1. Where in the range A:414-462 does accessible area fall by at least 50 Å² between the isolated chain and the complete protein assembly, at a 1.4 Å probe radius?
2. Hand me the trypsin sites (Lys or Arg not before Pro) from the range A:453-538 located in a DSSP loop with no more than 16 other Cβ atoms within 10 Å, in residue order please.
3. Between residue A:25 and residue A:430, with labels modelled 7 Å along Cα→Cβ, what's the label distance in nm to one decimal, could you check?
4. Assuming R0 = 56 Å, what is the FRET efficiency of residue B:197 and residue A:630, from their Cβ-Cβ distance, to the nearest 0.05?
5. Assuming R0 = 35 Å, can you tell me the calculated FRET efficiency for the pair residue A:55 and residue A:323, based on Cβ-Cβ distance, to the nearest 0.05?
6. Could you give the length gained by full extension between residue A:606 and residue A:105, i.e. 0.36 nm per residue of separation minus their alpha carbon distance, to one decimal place?
7. Report the extension gain between residue A:638 and residue A:553 in nm, rounded to one decimal, defined as 0.36 nm multiplied by the number of residues separating them, less their alpha carbon distance.
8. Name the aspartates and glutamates eligible as straight-distance cross-link partners of residue A:21: C-alpha to C-alpha under 14 Å, and not fewer than 8 places from it in the same chain.
Amino acid sequence: MEEVDVEPTTTPIPGFDSNQKHLGFVWGPGDILVYETIYKASGGSAGGCPFVHEVRKDEDIYSPILRKLFNESHHIFVGLQRIREDLPSKNKKPQFVSISKNYRSVIRACMEELQQVAVSTQDAAMATQYGNQVSILLAVELIWNLCEVLFIDAAPAGSLVLHLLDWVRLHKADVDEKAREVLASESPAEHQAYWDVVISYVLQGRMDEARQVLVKQAALQPAARVMFKLLDNLLMKMPIFNPGETQTLTEFDVKWRHWREEVDHCLQDQSFASNRHLEDICKILVGDEDVLLEYKELLSTWYHFLVTRLLFSHPTVKPTELHYYAQSSMHMFLDTRSVPEPLDSILLAAFEFDIHQVIKDCSIALNNWWFVGHLTDLLDHCKLLQSHNLHFGSNLREFLLLEYASGLFTHHSLWQLAVDYFDHCPEFGRVYLELQIERVPLDTERKALKVIRICEQRQMTEQVRSICKIMAKKALRNNRLGSALSWSIRAKDAAFATLISERFLQDYCAKGTFSDLDLIDNLGPAMLLSDRLTFLGKYREFHRLYGEKRFSDAAKLLLSLMTAKIAPHSFWMTLLTDALPLLEQKEVIFSADQTHELMFCLEELTSGKSVPTPDKPMQVLATVHTALRASLARVKQLFTLH
Amino acid sequence: MMEGINAKYVSQKISKTRWRPVSSSSLQQPDIFATGSWDNEDNKISIWSIGENGISGLDDEFEGDPQLVCEHKHNGDVLDLQFLDQDRIVTASSTGAVIIFRHHHNSQTLSVSQLWERAHHYPCDNAPCTGIVCNSPEIVTVGEDGRIILFRADQEGVLRTIENADSSTIHDVTFLRTTEILTVNSIGQLKIWDFRQQGNEPSQILSLTGDRVPLHCVDRHPNQQHIVATGGQDGMLCIWDVRQGNMPFSLMEAHSAEMWEVHFHPSNPDHLFSCSEDGSLLHWETSSNSDTPSFLQGGRNTSIVSRSAIAPAGGNQSLISSWLTGDSSKGRLETTHMLPSQTLSVNSLDVLGQCLVCGTDGEAIYVNRRVPI
């Protein structure tokens, strides 16, 4: 068992004094239920408390703005899983980078919205909460972006520094704001932030912008025109590696060293001695670390310092060399006494290409599996994760996705997203889904239909049956026999269909008429689902035929119901009684054979093979018997006459 | 066809979307639509605007995002939503209630104007109200309790109830004429009810002779009162002529899961739209551009075709609907997917003029302002 690296957070339960009472608790799928027991801390017991508290760790899934993050990233996730495996990996890299950018733009959109709400809200507590969420998302996007540069895009030496520069520029947007302010002022060159802007641009490697701003100063000091022209020239000539060109890394390196020598030469010549700012810029261009550190405030972070250092000292740095510079930059920049923040250790782990450490640290620092789950999944698709056996036998990606999806499933609405995540966890996803899907509350038929569709698409027949049974029972309880039958048909549940038919038949016996004729008359092929249902349909048909005075058809049907053993024995009495009016018709309906068969059925009934029901006394049986004999006699008479 | 259709994520699963009606005389495109949510602890109905009506002909790539105008809490899932008129919306709730909301244009707020609580109910439990159709001021609702209820807006009580109209759930209802409605239920039957008759029996029952597949949606042809389209659990689209009895005119495989809504285009009924649990939204286009009216070109169901040939050749073609040829294999029926990629279930759609709006279980709304019709 790994050691816990951080102190667990304490959540106070309102109204509870731990010195007085013991607390009881039970784990839920995403939360804990906590209650005050009757046991006192000092021993003995006292009166109880009626409250049960629900303690939830993850507030984020209930935030309406963050919800968009979950939905949009779900869409991207599903699209990612559908990328075909058989494509060669060199075709896939741009796709993966593009997907990574999609994820990041979703984070940014969310962040912007949260920022707007944080600013506009009146409630101070909410403003703080939104502010916290914004900073977390900022950090998350920073980390993701770095992972994209280092792991997914995997830029080689040369391009690496350029990508890192982009990364830093994206996360230090205040420079442009300051620049706008300065340039919009009456006399930009005399603005107090003027040199900050110029130096910031240089530190970020944005030479063109730096030059544009410098021109303003140059215009003010015509006497120093030569000096400004010289610096402008140096800035303009700074070689930037262009990966598209045919220039090789070595060629670039030579060019760059040459240029650096030129800058150094200017420094030695004291060409900029009269203007401290210009001299500082020159020193920065040769990568003078002491001067860089003087501008700590403008750099504001150790990783900005790192990238600037690399730009001016080691622009051809290889990915494998990064970690050395990262560590030294961090040490140089940060106060040696201060403890590195979680974000710093995560970034450092990324520079060291220790993906697992990055994931582990992020999992601990964040209270929601969203970030690590999606990032790990993307890295896994890039084939960057070695199989890392956990105690539970599944791999890291699956573990994180299962955790994330399980958390989603506790949400009353987002559970639908979780289904797709489970689908893409090959080992345990199905089991998790089977267990969770049965717990979704089914308030309306429409929701039940959606859940059933999910189960049917995954051949989870057990769950389909159980859900249909729940809905059918509910329908039956409310006397909605048609609905109940519809559910039984969906589940192909013959037993339940039999139950429903029994209900109909009971109703008929009680009231003497059929209820819900629209259902029974239109059963169609569903009739074959269960014997009892077939009987019900056919019995109703018998009544219809009788009503239409098609007596011989009715008689044939009636007989077949008994002889084909479709009718339950308990109903035979009713059937025989139904035969009476047919027997008493003027014309002969039943043939001799048919009459014999009826008599046989009657005998079977009376002989004790099936007990006659108490409400059909022997008298009725006798009547039937007489009627049968009479009918037989008439038939024989008919034959003898002819 | 797919340009200018972006998802707007709204943090609620959308169960219904409807355009606010525009007056038929004006050539304006609709700009306001309402949505209802479901499966939330706090459900809402919301009104959205797609901004200034674009000057037609502007080749603007950037489609305005729907902006939220106002919203109101809704007790229970919104299982159906219809505009009663320009100011009022009627909703069907999973609690069994029928609610009229009024949209106040000055303050841009919504308020509850009328409420019939437990209009649909069981003796003990709640019975969701599943469908509404309006013909201002009359409102007809249907529910899981198998009741059909007739209301009048502004009247407190119920005008008429048909008790136990159905032993299974009635999923949708539409007007055939001003006094006649058609309902579809979960045992695959279409029932026609005539309000001029007293009593609780339908005047006609139609159903497929095959399996009793539950039907979820129905829509009537805007010009021809005897033609309806239905969709159900198996995702098949059926076109019926209710005068003809027990066989639908066409049966087309549409979706791989439940079809939730089907709509004829109100002004251009050669176009039909359907959406489904399988995450797709289809646009069906039937063409009858040939010189010979399609019904005389022959096809599989020639006997049925000749029965419906009531106009002489070259006669008034509007009497014959191109949907009734029943022969989709002749290539006169085109189907296109309207959404750029697979999404979670598309629960609802509405189309008016050139504008299409739909809502999904992925908590997104899609608006397309350039539907090719």
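1. A:416, A:444, A:445, A:446, A:449, A:450, A:453
2. Working: sites: A:453, A:458, A:465, A:469, A:473, A:474, A:477, A:480, A:490, A:492, A:503, A:511, A:532, A:538; in loops: A:458, A:480, A:492.
The qualifying sites are A:492.
3. 3.6
4. Details: r = 45 Å, r/R0 = 0.81.
The formula returns an efficiency of 0.80 here.
5. Values: r = 40 Å, r/R0 = 1.15.
So the FRET efficiency works out to roughly 0.30.
6. Numbers: separation 501, 0.36 × 501 = 180.36 nm, distance 8.27 nm.
Answer, rounded to one decimal: 172.1 nm.
7. Working: separation 85, 0.36 × 85 = 30.60 nm, distance 2.02 nm.
Taking residue A:638 through residue A:553 to full extension adds about 28.6 nm, to one decimal.
8. A:36
The values are calculated or read from the model by the stated rules, or taken from the named source; none is laboratory data. Every value quoted in this text rests on a predicted model; they were computed, and no experiment measured them. All Cβ positions, glycine included, derive from the backbone under ideal geometry; neighbour counts span all protein chains shown. To get the accessible areas, we keep the full protein, side chains included, count just its heavy atoms, and leave off ligands, DNA and RNA. Shrake-Rupley method; radii C 1.70, N 1.55, O 1.52, S 1.80 Å.
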